[in-house]
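What follows is a single structure, written as structure tokens, with notes after it.
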Amino acid sequence: DLSGCRFWQRTRRNASVTAQERFIASWRRYLDAVIVQAERRTCAHTCTIDEYLAARLDDAGGESCMAFMAICLGVDIPHAVMEHPTLVAINGYLSSLIGLGNVSLPPCVGWRNSPHTSDFYPTGPLLL
């Protein structure tokens with residue numbers, strides 16, 4: 001329940017009911033996915049590739065970020081629009097990109113500062 005959270009009390013003043021519902025539902029999915037991730041780590045469960053990718057769709061938090069961005073921009077998009085198959089697909093693709101791009105690298109992969117730029121780049125074996 002977010003009702004006692006100061007962040008939510010300030011945020012909901014500017015949010016439409018549909019934006020609030022969308023954020024709360026996506027935030028719940030995010031929290032549930034993080035709990036599953038923690039449970040898997042606790043019992044040293046090694047995910048299959050399919051399990052890992054499915055979990056990353058929710059535990060990367062992309063959907064919650066997109067819902068929060070709509071609140072910040074003051075956009076009131078009806079559920080019927082957001083549930084259109086095309087937008088559902090686009091949101092799925094965005095969540096996949098966020099999830100795949102926000103992956104913790106294994107310990108055998110390090111990061112080095114490029115001598116020519118301020119960019120960091122991976123070193124070591126990369127398995128994709």
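The values are calculated or read from the model by the stated rules, or taken from the named source; none is laboratory data. All figures in this text were calculated on a predicted structure; none of them were measured in a lab. Here the Cβ is made from the backbone with ideal geometry for all residues, glycine too, and neighbour counts use every protein chain on show. The accessibility values were calculated without ligands, DNA or RNA, using every heavy atom of the protein model including side chains. Shrake-Rupley method; radii C 1.70, N 1.55, O 1.52, S 1.80 Å.
Between residue 51 and residue 14, the contour length at 0.36 nm per residue exceeds the Cα-Cα span by 9.6 nm.
Annotation for the stretch 1-51: trypsin sites (Lys or Arg not before Pro) lying in DSSP loop with at most 11 further Cβ atoms inside 10 Å of their Cβ are 13. Listed values for the stretch 27-32 are Karplus-derived 3J(HN,Hα) couplings in whole Hz (6.51 cos²θ - 1.76 cosθ + 1.60, θ = phi - 60°), namely 5, 4, 4, 4, 4, 4, and x replaces Gly and Pro.
Each residue of the stretch 47-64 was assigned a 3J(HN,Hα) from its phi angle through the Karplus curve 6.51 cos²θ - 1.76 cosθ + 1.60 (θ = phi - 60°); the sequence is 6, 6, 4, 5, 4, 4, 5, 5, 5, 5, 4, 9, 7, 7, x, x, 5, 5 Hz, with glycine and proline shown as x. Report the accessible area of residue 57, computed with a 1.4 Å probe over the heavy atoms of all protein chains in place, in Å² rounded to the nearest 10. Accessible area, nearest 10 Å²: 70 Å². First compute the accessible area of the stretch 1-47 with a 1.4 Å probe, then give the percent of it belonging to carbon and sulfur atoms. So the carbon and sulfur contribution to the accessible surface is 53 percent.
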